[in-house]
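Please read the structure below before turning to the comments.
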Amino acid sequence: MKWNVKDIGVFETEKEYIDTAVIPIIPVDFHKNMKASAAQSEFITLLTFHLERQFKGRMIMTPPFTYVMASPREEEAARLNRWAGELSDSGVKHTFFLTSDSEWKRAEEELHDRLIWVPSIPLEHLDEQYKHSIMEDQVKQLLNVIVQKWQKNS
C-alpha cells in the first residue's frame, strides 16, 4: 500500500491484515556526492515501488526517510527508531528500513534487525523496461530476506 489517501483509507479499515511497514531511506547530498545520492534515491524509490506491488495488502510503504549523507548515523538511527515506534504504536507489527547506503550497516545494531541493505544498481543508462526487469529480480531476492525477518521477529 502506498502513502496516499486512497490506500491509507484501506489501511485504516483493514489494519489487522497489514502488519508490515517499509520505510525507504533516501540520502541527500548537495556537494561532491550529489550524483551518488540521486542514484541511490532513484534505485530505492523504484525498488520500493516494485516491493509494494508484490506485497499489496500486506505492507504499507511510508514516505521516504530523508537524511543528509554527512549527518551522524547514530542521530539518524534514533530518528528512524522514533518512526518505527510511531508505527508500532499504531498497530504495525513489523517495520523494515530499506536502504542502499552501506554506511547504515554500521548502525544495524541500533536499528534492532530492521535494516535491509540492498546494494544499488546504476540505473541511469538503462531503458525503462530493463530497469523494471532488474527491480523484479531484486524483489524476488528481497522476498527471502523479508520472510526470514518476519519469522525471526514474530
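The values are calculated or read from the model by the stated rules, or taken from the named source; none is laboratory data. Not measured: the values here are computed from a predicted model. Virtual Cβ from ideal backbone geometry, glycine too; neighbours counted across all protein chains shown.
Out of (1) in contact with a helix residue (DSSP H, G or I) (Cβ under 9 Å, 6 or more places away or on another chain); (2) closer than 22 Å to K140 by Cα; (3) surrounded by fewer than 19 Cβ atoms within 10 Å (Cβ to Cβ), what's the single condition that is false for S90?
Of the numbered conditions (1) in contact with a helix residue (DSSP H, G or I) (Cβ under 9 Å, 6 or more places away or on another chain); (2) closer than 22 Å to K140 by Cα; (3) surrounded by fewer than 19 Cβ atoms within 10 Å (Cβ to Cβ), the odd one out for S90 is (2).
Filter segment 118-154 for residues that are in a loop (DSSP other than H, G, I, E, B) and either over 14 Å from H50 (Cβ atoms) or in contact with a strand residue (DSSP E or B) (Cβ under 6 Å, 6 or more places away or on another chain) (or both) and give the result. Lay out the reasoning, then the answer.
Kept after step one, since they are in a loop (DSSP other than H, G, I, E, B), are these residues of segment 118-154: 118-127, 154.
Answer for segment 118-154, where residues must be in a loop (DSSP other than H, G, I, E, B) and either over 14 Å from H50 (Cβ atoms) or in contact with a strand residue (DSSP E or B) (Cβ under 6 Å, 6 or more places away or on another chain) (or both): P119, S120, P122, E124, H125, L126, D127, S154.
I need a count of the residues in segment 6-46 that are among the hydroxyl-bearing types (S, T, Y), in contact (Cβ under 8 Å) with a residue 40 or more places away in the chain and in contact with a strand residue (DSSP E or B) (Cβ under 7 Å, 6 or more places away or on another chain).
Residues in segment 6-46 being among the hydroxyl-bearing types (S, T, Y), in contact (Cβ under 8 Å) with a residue 40 or more places away in the chain and in contact with a strand residue (DSSP E or B) (Cβ under 7 Å, 6 or more places away or on another chain): 1 in total.
Determine which single condition A77 fails, assuming it passes every other condition in (1) more than 21 Å from Q141 (Cβ to Cβ); (2) free of Cβ contacts under 8 Å to residues at least 24 places away in the same chain.
If we test A77 against (1) more than 21 Å from Q141 (Cβ to Cβ); (2) free of Cβ contacts under 8 Å to residues at least 24 places away in the same chain, just (2) comes out false.
Consider S100 carefully, then state whether it is within 15 Å of the chain's Cα centre (by Cα), farther than 21 Å from K152 by Cα and modelled with pLDDT of 90 or more.
Numbers: within 15 Å of the chain's Cα centre (by Cα): yes; farther than 21 Å from K152 by Cα: yes; modelled with pLDDT of 90 or more: yes.
So S100 passes the test.
Of all residues in segment 48-67, which are within 14 Å of D101 (Cα to Cα) and either at pLDDT below 95 or touching a Leu at 6+ places or on another chain (Cβ under 7 Å) (or both)?
F65
The conditions are (1) under 27 Å from D137 (Cα atoms); (2) surrounded by fewer than 16 Cβ atoms within 10 Å (Cβ to Cβ); (3) not small (G, A, S), and W117 fails exactly one of them. Which is it?
With (1) under 27 Å from D137 (Cα atoms); (2) surrounded by fewer than 16 Cβ atoms within 10 Å (Cβ to Cβ); (3) not small (G, A, S) applied to W117, the lone miss is (2).
Residues of segment 120-131 being under 19 Å from the mean Cα position of the chain (by Cα) and either without any contact (Cβ under 8 Å) to a residue 60 or more places away in the chain or surrounded by 14 or more Cβ atoms within 10 Å (Cβ to Cβ) (or both), which ones? I'd like the intermediate steps shown before the answer.
Filtering segment 120-131 for residues under 19 Å from the mean Cα position of the chain (by Cα) gives 120-123, 131.
Selection gives S120, I121, L123, K131.
Look through V139, V68 and report the one residue that is crowded, with 17+ Cβ neighbours inside 10 Å and touching a residue at least 24 places away in the same chain (Cβ under 8 Å).
Values: V68 fails: crowded, with 17+ Cβ neighbours inside 10 Å.
The conditions single out V139.
Just one of I18, I8 is modelled with pLDDT under 90, hydrophobic (A, V, I, L, M, F, W, C) and more than 15 Å from the chain's Cα centre (by Cα); which is it? Give the steps one after another, and end with the answer.
Numbers: I8 fails: modelled with pLDDT under 90.
One residue alone meets the criteria, I18.
Consider segment 30-39. How many of its residues are closer than 15 Å to A70 by Cα and buried (at least 18 other Cβ atoms within 10 Å of the Cβ)?
Initially, segment 30-39 is screened for residues closer than 15 Å to A70 by Cα, giving 30-38.
Adding the requirement that they be buried (at least 18 other Cβ atoms within 10 Å of the Cβ) leaves 37.
Qualifying residue count for the region: 1.
Hey, N81 hits all of (1) at pLDDT 90 or above; (2) loosely packed, with under 13 Cβ neighbours inside 10 Å but one; which does it fall short on?
Here N81 clears every test but (2).
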